[in-house]
Amino acid sequence: MNYRNAHYIDETRIDCQIHSPVHGWIPYTLDPADTDMTTDNAALLLEMKNAGDVVAYTPPTQNELNAAKAEALMEVRGLTTITKGEFCKALLALGLLPRAEAKAAAKGDWPATFLRALNGMSEAEQDECEIEWSAATTIRRMHPLILMLAAPDNANLKPEQIDTIFGIGA
């Protein structure tokens, strides 16, 4: 069988491209544990070993592992939402919103504790934030308003605290 670009992706599996008479070059992972007999893995593995042209496996560096973990975390953060009520209850539990403000915020009122987040905005931008908060039923983890509220001169939440509020990493 014709193959190219063969390289180990771990200690046992090999990624490569195989040539299909119908589809041309297609990606393929040769896995010794694969029971599908569409391709004769044993024969292909023997051919690769005899040719000696499979690139050896190189484990990822710690920096690569850290980068992959950070990328995965950012993807999860970008997809995570909670209800406005859950968000307000979490802020109350953390002591970041007083009881009366948490109740009002859950109903859509702009809490006084959030007022600092509006500093430096034009009146129109402030109105936009307050209207968006009032109309929201769900809160996105990476919404600019949440990131703004977490700024040191506002609620000063650490990213890990925000993740906990949104159930990430819990």
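Laid out as a table, the results:
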item	result
Rounded if a/c under 1.5, otherwise prolate or oblate - the stretch 77-165, Cα gyration tensor axes	rounded
Protection-proxy order for peptides 24-34, 102-112, 58-68, each taking the mean of Cβ atoms within 10 Å per residue, highest first	102-112, 24-34, 58-68
Pairwise FRET efficiency - ILE168 versus ALA112, Cβ, R0 = 35 Å, nearest 0.05	0.80
DSSP bridge orientation in the chain - percent antiparallel, rounded to nearest 5	95
At 1.002 mPa s and 20 °C, Stokes D of the chain from Kirkwood alpha-carbon radius, µm² per second	105
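All of the numbers you see were taken from the coordinates with simple rules; none came from a lab. Computed from a prediction, not measured in an experiment: that's the story for all the values here. Don't worry about glycine lacking a Cβ; one is built from the backbone with ideal geometry, like all the others, and counts go over all protein chains shown.
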